[in-house]
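Have a look at the structure below, then the notes.
Each value in this text was obtained by applying a stated rule to the coordinates, not by laboratory testing. All values derive from a computational prediction rather than experimental measurement. With ideal geometry, Cβ positions are generated from the backbone for all residues, glycine too; neighbour counts draw on all protein chains shown.
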Amino acid sequence: MHFTKVHGLGNDFILVNCYEEKIDLEKAPQLAVAMCNRRFGVGADGLVLLLPPEQGEQGDVRMRIFNPDGSEAEMCGNAIRCVARYMYEHNMINKDKIRVETLAGLIVPELILENGLVKSVRVDMGEPRLERSEIPMAGGPGQVVGEPLTVEGSSYNITAVSMGNPHCVIFVPDAARVSLWDIGPRIEKHDVFPRKTNVEFVQVLSRDEVIMRVWERGAGETMACGTGACATAVACALNGLTERKVTVRLQGGDLFIEWAADNHVYMTGPATEVFTGDYPA
Ligand code: ZDP
C-alpha cells in the first residue's frame with residue numbers, strides 16, 4: 001500500500017489516497033495502530049484516509065482520521081491543511097478552496113498560493129460548539145467556562161470547547177512546567193468526558209499571543225494540534241484573556257487563529273509533504 005508522510009508543524013500523519021489504494025475500512029483502526037507505531041511501523045500521530053465524497057453530500061472529498069490507539073476522530077486541523085496541499089499538488093483538484101467532508105461536517109481549507117506554489121493554508125473550521133452536551137461533557141445545560149474540575153484531589157479550572165472534537169483548555173502561569181504526561185491522560189479519560197477529550201495547557205503571553213502544550217486524545221503529547229489551537233483561541237476570548245485574533249505558539253511552530261464576527265474560527269498555517277513509501281498491508 002502506497003502512502004505519503006505529511007505533517008503540520010510536526011504533527012505528523014500517514015496519508016493514504018484511497019482513490020488509488022484499496023483499503024478494507026473495517027480494518028482501518030488496527031491499520032492505524034500498526035502503521036502509527038514509531039518503532040514497529042511507519043510512525044505518526046495519525047492515519048488519514050482520502051476518500052471519494054459521500055453520495056448527495058456537497059464535498060469535493062472525504063477525510064477520515066484515526067488516532068494511533070485506533071480511535072477515530074471527528075476532525076483534525078493539521079491534517080486537513082495537508083490534505084488540501086496534497087490534492088492540489090497531486091492534481092486531484094485545480095481550485096484553491098476545497099470542500100472536505102469530515103465527521104464534524106463540511107470543512108473548507110483555502111490554499112494561499114504564491115507563484116502557483118502552496119505557501120500556507122487558511123481553513124474555515126466552522127463554529128465552535130460550547131454547550132456542555134455538544135462537547136460532550138456530563139452535567140447540566142450551559143457552557144463550561146472557567147469551571148472547576150477535580151482530578152484525583154486536585155482542582156483545575158477548565159473551559160470546554162468542541163471543534164467537532166472535544167477540547168478541555170486549562171490556563172497555567174508556565175506551560176513548560178506542566179507535568180503533561182502525568183495529568184494529560186487523567187483528564188483525557190476523566191469520566192466527565194464520555195468520548196474522552198484532548199487537553200490543552202495554555203500560558204497567556206499578551207492580548208494576542210499564547211503558548212499551548214497539548215495532550216491529544218488517542219495520541220498523547222504532540223508538537224501541534226490545529227483543532228486544539230482553535231479551541232484555545234475561543235477559550236481565551238471567552239475568559240477575556242485575549243482578543244479574538246491570536247497567535248498560538250506550539251512546540252512545532254505557530255498557528256494564527258481568528259474567531260471572526262461570523263462566529264466561524266479561521267486557522268492559518270503550513271502543511272508539508274515529507275516522503276512517500278510502501279507498506280506491506
Ligand atoms: O480529537 C482527537 O482525537 C485528536 N487526537 C485528533 C487529531 C487532532 C489533530 N491533532 C488536529 O490537528 O486537530 C490532528
Over the chain, what is the relative contact order in whole percent, taking alpha-carbon pairs under 8 Å and six or more residues apart? 20 percent
For a quick check of your reading of the filter: which GluC sites (Glu not before Pro) in region 48-134 sit in a DSSP loop and have no more than 13 other Cβ atoms within 10 Å? Glu54, Glu57
Using +1 at the Cβ of each Lys and Arg and -1 at the Cβ of each Asp and Glu in region 1-152, identify which of Leu117, Met63, Leu47 lies farthest towards the dipole's positive end. Leu117
Residue farthest toward the positive end of the dipole of the chain, with Cβ of Lys/Arg at +1 and Asp/Glu at -1: which of Val83, Gln251, Ile98? Gln251
Semi-axis lengths (Å, descending) of the ellipsoid that matches the C-alpha gyration tensor of region 152-281: 23, 21, 14
Calculate, for Ser155 and Asn239, the FRET efficiency according to 1/(1 + (r/R0)^6) with r their C-beta to C-beta distance and R0 22 Å; round to the nearest 0.05. 0.85
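About the Cα centre of region 208-281, what is the dipole size in debye to 20, counting +1 per Lys and Arg Cβ and -1 per Asp and Glu Cβ, all else neutral?
Dipole size: approximately 200 debye.
I'd like the trypsin sites (Lys or Arg not before Pro) in region 195-235 restricted to DSSP loop residues with at most 16 other Cβ atoms within 10 Å, sorted by number.
Here the trypsin sites (Lys or Arg not before Pro) that fit, given the DSSP loop and packing criteria, are Arg195, Arg207.
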Neighbour-limited loop hits for trypsin sites (Lys or Arg not before Pro), region 62-138 (at most 10 other Cβ within 10 Å; DSSP other than H, G, I, E, B): none
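With a sphere of radius 15 Å drawn around the Cβ of Gly146, what net charge do the other residues whose Cβ falls strictly inside it have (Lys, Arg +1; Asp, Glu -1)?
That sum, taken over residues with Cβ under 15 Å, equals -1.
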State the Kirkwood hydrodynamic radius of the chain in Å, one decimal place, computed from all pairs of distinct Cα atoms. 18.8 Å
So, with +1 on the Cβ of K and R and -1 on the Cβ of D and E, and no other charges, what is the size of the charge dipole of the chain about its Cα centre, to the nearest 20 debye? 280 debye
Rounded to the nearest Å, what's the spacing between the alpha carbon centres of region 181-231 and region 99-173? Just the number, please. 10 Å
Give the relative contact order (percent, whole number) for region 83-170; include only Cα pairs under 8 Å separated by 6+ residues. 19 percent
Expected 222 nm ellipticity per residue - DSSP helices of 4 or more, -39500 (n - 2.57), all of the chain, to 500: -4500 deg cm²/dmol
So what is log10(I(q)/I(0)) for region 1-70 at q = 0.24, 0.26, 0.28 1/Å, when the Debye sum runs over its Cα atoms only? -1.07, -1.19, -1.31
In debye, nearest 20, what is the charge dipole magnitude of region 1-154 about its Cα centre with +1 on Lys and Arg Cβ and -1 on Asp and Glu Cβ, if you could check? 440 debye
Computed over region 44-191: relative contact order in percent, which uses C-alpha pairs under 8 Å that are six or more apart: 15 percent
Taking the Cβ-Cβ separation of Asn263 and Glu89 as r and a Förster radius of 35 Å, what is the calculated FRET efficiency to the nearest 0.05? 0.65
Enumerate the whole-percent occupancy of each 10 Å bin, from 0 to the last occupied one, for all C-alpha pair distances of region 1-147. 11, 37, 33, 16, 3, 0
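Which shape class applies to region 182-259: rounded if a/c is under 1.5, otherwise prolate when a/b exceeds b/c and oblate if not, where a ≥ b ≥ c are the square roots of the Cα gyration tensor eigenvalues?
Prolate is the answer for region 182-259, as a/c is 1.5 or above and a/b outweighs b/c.
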R0 = 22 Å: FRET efficiency of Thr276 with Ser71, Cβ-based, nearest 0.05? 0.25
